[in-house]
Amino acid sequence: MRDLLMVMLVGLTYPQRQAVCVAQEPPRRSAGITGQVQDAAGGQLKRANVCAQGERRHVLACVMADTAGLFRIDSLYPDSYILQIECETKSRGYSGIVGQQRVEAMAQAVATADIKVPSSGCDQRPFDVVRGEIAGHWASGFELDDFVPCQDTTKHAWVERQGLRLGELWTLPAGEEYGAGTRWFVRWRGALIGPRGFTKRYRMVVEDVVEMRVPKAGDCRS
């Protein structure tokens with residue numbers, strides 16, 4: 001009986017070990033890639049389309065490089081990415097892939113990728129660019145994005161909101177109903193860019209909103 005009591009006490013003193021599972025947080029979009037696209041001779045390749053394809057998560061993110069070939073892609077998952085480079089052509093759309101490079105994007109860091117590609121067949125003619133304060137009317141809604149500047153109502157542009165991440169929206173004031181969307185009179189600071197080649201559409205790159213309200217008669221005469 002005494003021996004049995006000792007065994008029971010030992011069992012209480014030394015409990016069995018149990019496996020402990022610790023949940024791991026999913027990786028956050030904290031990586032980025034920056035770089036420059038150049039032609040084979042080291043010259044600028046203007047407005048190249050740069051796409052990053054994740055090897056593990058199969059995430060695809062694309063940006064357009066600027067007129068110096070510089071680009072930056074933010075909010076990526078940590079992963080190995082294949083950068084695929086396309087350039088504009090004089091025909092409709094972009095060329096096929098003219099170059100690619102593999103880059104490792106780490107968490108909480110920005111990787112650098114400088115890429116040289118052949119430029120044969122790429123359209124490098126300059127855009128028409130008007131910078132400064134630009135007034136006009138902007139209509140936006142489902143499948144609707146049309147900015148018409150007061151200075152030339154024959155020009156139509158789609159709108160790019162500079163400095164906002166994908167998925168972020170402006171806080172829009174009240175406007176007037178316009179087809180399947182809404183229309184405003186706007187006064188923006190930024191750049192009206194384009195067109196070249198096959199397209200007649202411009203791009204309105206908005207850097208700052210000066211005024212945005214319901215349209216009224218005589219807006220473009222003031």
Selected residue [at positive phi and either part of a strand (DSSP E or B) or surrounded by fewer than 13 Cβ atoms within 10 Å (Cβ to Cβ) (or both)] from GLN101, GLN53, GLN84, GLN108 | GLN108
Just checking, how many residues over region 34-49 are out of contact with any Gly (no Cβ under 8 Å at 6 or more places or on another chain) and in a strand (DSSP E or B)?
-> 4
If you go through ALA61, ALA68, ALA41, the only one that is more than 16 Å from PRO126 (Cα to Cα) and exposed (fewer than 14 other Cβ atoms within 10 Å of the Cβ) is ALA41
What number goes with the only condition from (1) within 22 Å of the chain's Cα centre (by Cα); (2) closer than 17 Å to ARG47 by Cα that SER120 does not pass?
-> (1)
Within region 171-206, the count of residues that are more than 23 Å from GLY132 (Cα to Cα) and either at pLDDT below 80 or buried (at least 19 other Cβ atoms within 10 Å of the Cβ) (or both) comes to 4
Go through region 53-97 and give me each residue that's hydrophobic (A, V, I, L, M, F, W, C) and in contact (Cβ under 8 Å) with a residue 40 or more places away in the chain.
-> ILE73, LEU76, LEU83, ILE85, CYS87
Test for CYS122: is it surrounded by 15 or more Cβ atoms within 10 Å (Cβ to Cβ), modelled with pLDDT under 85 and hydrophobic (A, V, I, L, M, F, W, C) = yes
Could you identify the single residue in GLN124, GLN100, GLN84 that is over 30 Å from ALA31 (Cβ atoms) and not assigned by TED's automatic domain parsing to the domain that holds TRP188?
-> GLN124
Since CYS122 meets every condition but one in (1) part of a strand (DSSP E or B); (2) touching a residue at least 40 places away in the same chain (Cβ under 8 Å), which condition does it not meet?
-> (1)
Any hit, region 157-170, residues being over 29 Å from THR89 (Cβ atoms), modelled with pLDDT of 85 or more and outside the structural domain of GLN38 (by TED's automatic domain parsing) | no
Residue match in region 74-88 (condition: small (Gly, Ala, Ser) and under 15 Å from the mean Cα position of the chain (by Cα)) | yes
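The values are calculated or read from the model by the stated rules, or taken from the named source; none is laboratory data. From a predicted model like this one, the values you see are computed outputs, not experimental measurements. Reconstructed Cβ throughout: ideal geometry from the backbone, glycine too, with neighbour counts over all protein chains shown.
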